[in-house]
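Heads up: the structure comes next, in structure tokens.
The values are calculated or read from the model by the stated rules, or taken from the named source; none is laboratory data. On a predicted model such as this, the values are computed, not experimentally measured, just so you know. Every residue, glycine as well, gets a Cβ built from its backbone with ideal geometry; the counts of neighbours run over all protein chains shown. With ligands, DNA and RNA removed, areas are computed over all heavy atoms of the protein, side chains included. Shrake-Rupley method; radii C 1.70, N 1.55, O 1.52, S 1.80 Å.
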Amino acid sequence: MTLYALGELAPKVHPTAFVHPTAQLIGDVLVHAEASVWPGAVLRADFNRIEIGEGSSVQDNAVLHPRSPRPTTIGRDCVVGHLAHLEGVLVEDTVLIGSGAIVLEEACVRTGGSVAAGAVVLVGTEVRAGRRAQGVPAELVACDLHLEAIRAGAQKYRNLGRRYREQLTAITPSSHPAVSSISVSQEERSARMQSAGRTAQRRPVTLPLLAEKKRLGEPIVMVTAYDLPSAQAAEEAEVDLVLAGDTAAMTVLGYPSTVAVTLEEMLVLTKAARRGLRTPLLIGDLPFGSYERSHEHAITSAQRLVKEAGCDVVKFEGPSPERARAIIAAGIPVMGHLGLTPQTAGALGGGFKAQARSSTAARRLLEDAQELERAGCFAVVLEAVPAEVAALVSERLEIPTIGIGAGPDTDGQVLVLNDLLGIFEEFEPRFVKRYARLRREMVGAVSAFADEVRARRFPGEQHCYTMAPGEQEQFLASLENDG
Ligand code: KIV
């Protein structure tokens, strides 16, 4: 979706609402739960506020632009039809505004009233219950309206919005050759410029901000990234935390586990991620063998992640409060990691399975987490632990918990980026949700390229350079002269 802040005024969209990527929301716009805003709609709240009530929908290419002292307020369960134009008007609950209708400043449509398609409702008109505004200029005629039918219409768009939120996927030209590469790349370029503009306004995430999010109950979003494009995606998506995690060992370097990856390799990957980030906090991950030997060794490794790769903080696995204390005393904030700790799961741990499932183990996990908090960790990752245990630990700790396979009640959630994008499909732990299937897209794109090369359809004229005018003739003539 395209959101523009205007100074302090920024659109607010409820997480369960759907706003199509081509809709434009500018300034003081508020979109409530399960509302939907469809392709090409413009909600321009520069003079006054626009509010879309719960479950209401604003259809394709509708324009809402209040210019009078009255805001545009749409109540709940309303449908604003395609191409409708609404100025500063009040639309109460369960109202239908027909396609192409124009409703001018300070008009008001009460519950049980409606506006017919193509009507022009003049300034200040009140459409009461049992009346329909129709014609140009609109007359108010008696109308027996069934609120249930309007509610059912609104419900249809609540359901559709939910489906779009889950399933809408932009199609790339390379995987679908029928799509013109020129028009899509222009769209992509403008989407990028818009999101770059948004990101430019975002303040960098800090440790106090994370603590504040926990206090306010605002979920913290964390993903992994190990290269420039992934980090740029995380930046544009405005996540809070990026972990240059040692899962890179498996997901990008192809090792069988995280044990093999070295600090040197992690530094290369982490530096690449750093170059793509501005606002999320970057967490360096201490790989196996880089922190266990002694406090000094751990501090040296952590310092390299900070000094050479530009990390803001570091994370290491396991219940070692003393080690955490030492690194923190050296001036580097530490995130803990408890539950399933993949670096030691093979040899020492209980394997790659859920942890803390017995009451004794759950108690130990809680105590370990409290120890890490006392040692000064700013947050702790809980991996593969029962939801009820993670909920209790999160409640007992003052620092945020970030869950991965730890249920919905941790203070934040993390997923490995390559898992959530569906790039790494070698195995799929229960807690992974695929938000895309990029591996398939990648295979599709490379296959499309291969097919076009074999069929001599690539490169096309638009991908080729030409000689300067007249040069080809001269070139050929010069070859002929040679003999
Ligand atoms: O390295 C990593 O990606 C991690 C996450 C699973 C939290 O530690």
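Among the residues of segment 342-361, the ones that are away from the ligand (no atom under 15 Å from the Cβ) and crowded, with 19+ Cβ neighbours inside 10 Å come to 1 in all.
Taking the conditions exactly as written (at pLDDT 95 or above and either out of contact with any Pro (no Cβ under 9 Å at 6 or more places or on another chain) or at positive phi (or both)), does G460 satisfy them or not? So G460 fits the description; yes.
Restricted to segment 385-409, and to residues there that are open to solvent by 10 Å² or more (accessible area, probe 1.4 Å) and within 16 Å of V432 (Cβ to Cβ), the residue that is nearest to the ligand (Cβ to nearest atom) is I404.
Can you tell me which residue within segment 289-327, out of those that are among the hydrophobic types (A, V, I, L, M, F, W, C) and over 31 Å from the mean Cα position of the chain (by Cα), is farthest from D246 (Cα to Cα)? Checking each candidate, the answer is A326.
Of the strands (runs of 3 or more DSSP E) contained entirely in segment 8-118, those carrying at least 2 residues that are surrounded by fewer than 21 Cβ atoms within 10 Å (Cβ to Cβ) fall at 24-31, 42-52.
Out of all the residues in segment 303-311, is one or more open to solvent by 50 Å² or more (accessible area, probe 1.4 Å) and within 16 Å of the ligand (Cβ to nearest atom)?
So in segment 303-311, the residues open to solvent by 50 Å² or more (accessible area, probe 1.4 Å) come out as 303-304, 307-308.
Those left that are additionally within 16 Å of the ligand (Cβ to nearest atom): none.
No, segment 303-311 contains no residue that is open to solvent by 50 Å² or more (accessible area, probe 1.4 Å) and within 16 Å of the ligand (Cβ to nearest atom).
The set of residues in segment 410-441 that are among the aliphatic types (A, V, I, L, M) and within 13 Å of the ligand (Cβ to nearest atom) comprises V414, L415, V416, L417, L420, V432.
Pairs meeting the criteria (first residue in segment 283-301 and at positive phi, second residue within 11 Å of the ligand (Cβ to nearest atom) and of a type outside the set (K, R), beta carbons under 8 Å, at least 6 apart or on different chains) are lacking. The set of residues in segment 199-220 that are open to solvent by less than 70 Å² (accessible area, probe 1.4 Å) and touching a Gly at 6+ places or on another chain (Cβ under 7 Å) contains only I220. Taking the criterion of being of a type in the set (S, T, N, Q) and in contact (Cβ under 8 Å) with a residue 12 or more places away in the chain, would at least one residue in segment 309-326 satisfy it? Scanning segment 309-326 turns up no residue that is of a type in the set (S, T, N, Q) and in contact (Cβ under 8 Å) with a residue 12 or more places away in the chain. Using the structure shown, decide if V443 is at pLDDT 95 or above and open to solvent by less than 20 Å² (accessible area, probe 1.4 Å). Against the criterion (at pLDDT 95 or above and open to solvent by less than 20 Å² (accessible area, probe 1.4 Å)), V443 does not qualify.
Contact annotation: residue pairs with Cβ atoms under 8 Å, 6 or more positions apart or on different chains, pairing a residue in segment 3-20 that is of a type in the set (V, I, T) with a partner that is in a loop (DSSP other than H, G, I, E, B) and surrounded by fewer than 16 Cβ atoms within 10 Å (Cβ to Cβ), are T16/A33. Within segment 452-460, can one find any residue that is in contact (Cβ under 8 Å) with a residue 40 or more places away in the chain and surrounded by 13 or more Cβ atoms within 10 Å (Cβ to Cβ)? The answer is yes, given that some residue of segment 452-460 is in contact (Cβ under 8 Å) with a residue 40 or more places away in the chain and surrounded by 13 or more Cβ atoms within 10 Å (Cβ to Cβ). If you check E425, E480, E473 for being acidic (D, E) and exposed (fewer than 10 other Cβ atoms within 10 Å of the Cβ), only one passes: E480.
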